[in-house]
């Protein structure tokens, strides 16, 4: 009843093609950042999306953490444009917890790459 290769085969083909993988990663970053803008759970979604297209679990985890760093930098850039970055950086625990949540959320999403 199937008309072609399954999702797993298509995903493996994407992972094997360097250009398509990079394009898919860029698209996953855009979708992930748009989702983060709406809700913090977008960190998990973005981490999972960038990890799924990576060829190995290890590279998926690194990509997930990289997404978290990028999301945090985008947030810091937004605060800087509003003139509030210095205040945020001086908030101690708020700064530490928000940074940890950003990295942990994206790493949690990236762990989905290891599920079979």
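Residues considered: 65, 30, 45, 69. Of these, the only one that is exposed (fewer than 13 other Cβ atoms within 10 Å of the Cβ), under 11 Å from the mean Cα position of the chain (by Cα), under 29 Å from residue 95 (Cβ atoms) and at pLDDT 95 or above is 30. For the range 78-116, a residue qualifies if it is modelled with pLDDT of 95 or more, under 19 Å from the mean Cα position of the chain (by Cα) and over 17 Å from residue 42 (Cβ atoms), and exactly one does: 97.
With the structure loaded, tell me whether residue 66 is in contact with a helix residue (DSSP H, G or I) (Cβ under 7 Å, 6 or more places away or on another chain), under 30 Å from residue 16 (Cβ atoms) and in contact (Cβ under 8 Å) with a residue 12 or more places away in the chain or whether it fails that test.
no
Remark: residue 89 falls outside the filter, which requires a residue to be touching a helix residue (DSSP H, G or I) at 6+ places or on another chain (Cβ under 8 Å) and buried (at least 17 other Cβ atoms within 10 Å of the Cβ).
Against the list (1) surrounded by fewer than 15 Cβ atoms within 10 Å (Cβ to Cβ); (2) assigned to a helix (DSSP H, G or I), the condition residue 21 fails is (1). Taking the condition without any contact (Cβ under 8 Å) to a residue 12 or more places away in the chain and crowded, with 16+ Cβ neighbours inside 10 Å, does residue 35 pass? So residue 35 passes the test. Please determine whether any residue of the range 31-38 is touching a helix residue (DSSP H, G or I) at 6+ places or on another chain (Cβ under 9 Å) and more than 24 Å from residue 100 (Cβ to Cβ). Within the range 31-38, none of the residues are touching a helix residue (DSSP H, G or I) at 6+ places or on another chain (Cβ under 9 Å) and more than 24 Å from residue 100 (Cβ to Cβ). Picking from residues in the range 41-62 that are in contact with a helix residue (DSSP H, G or I) (Cβ under 7 Å, 6 or more places away or on another chain) and in a loop (DSSP other than H, G, I, E, B), the one that is farthest from residue 75 (Cα to Cα) is 55. Quick check on residue 15: is it under 24 Å from residue 114 (Cβ atoms), surrounded by 13 or more Cβ atoms within 10 Å (Cβ to Cβ), over 14 Å from the mean Cα position of the chain (by Cα) and without any contact (Cβ under 8 Å) to a residue 24 or more places away in the chain? Considered against the rule, which asks whether it is under 24 Å from residue 114 (Cβ atoms), surrounded by 13 or more Cβ atoms within 10 Å (Cβ to Cβ), over 14 Å from the mean Cα position of the chain (by Cα) and without any contact (Cβ under 8 Å) to a residue 24 or more places away in the chain, residue 15 comes out as no.
The values are calculated or read from the model by the stated rules, or taken from the named source; none is laboratory data. Being a predicted model, the structure only gives us computed values, none of them experimental. All Cβ positions, even for glycine, are placed from backbone atoms using ideal geometry, and neighbour counts span all protein chains on display.
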